[in-house]
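Down below is the structure, laid out as C-alpha cells.
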Amino acid sequence: MKETSPRKPDFASHARWLVTGVIIVAILLGSLLPGGVLTIGWNIEPPVKHLIAYGILGTLLVLAARADWSRAFAIAIALAVAGVLIEILQIFIRDRFFMWIDMLTGAVGAIGGVIFGRFLQWFVR
C-alpha cells in the first residue's frame, strides 16, 4: 500500500495565504473602525460590500486551504458566524450599526464564494 504525504507548501500556497490574510485584516478594519472604509468614487451600499467582501474571502479561503466540500462547508459556516459576531461588535462602536441585512448578505456572499472557490480548484492547483 502506497503512503501519500501531505503536499509541501510552495510559493503559490504562501501567496494565497498572504492575500487571504490581507483581505481578513481589511474586512476587520472596514467593519470595526468608526466610520468604516471609504470607497473612493464608488457609491456601494453596505449590503453589497458585504456580499462582495465575504464572497472574495470565501473563495480565497477555499483555495488557500485546498478545501474539499466538507472543509468548504465549515469555512462558509465560520464566515457566517464571523459576520454575526462583527455585527454584534458594531453595536459598541461609534458610528457603526447592527444590521440584519449585512449578516444575511455576508452569509450569502460566503456561501457563493465557497462554491466559486471549489469551482476554481479545478483550474488552480
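Some notes on this structure:
- Gained length - A78 relative to L33, 0.36 nm times residue gap less alpha-carbon distance: 14.0 nm
- By the count of other C-beta atoms within 10 Å, a proxy for reagent exposure, S13, S31 are ordered fewest to most as S13, S31.
- Dimensionless Rg/Rh of the chain - Kirkwood Rh, Rg from C-alpha atoms: 1.05
- Estimated from helices alone, the mean residue ellipticity of the chain at 222 nm is -23500 deg cm²/dmol (sum of -39500 (n - 2.57) over DSSP H runs with n ≥ 4, per residue).
Since every read-out is calculated from the coordinates, none of them should be taken as a lab result. Computed from a prediction, not measured in an experiment: that's the story for all the values here. Cβ atoms come from the backbone with ideal geometry, glycine included; neighbour counts cover every protein chain shown.
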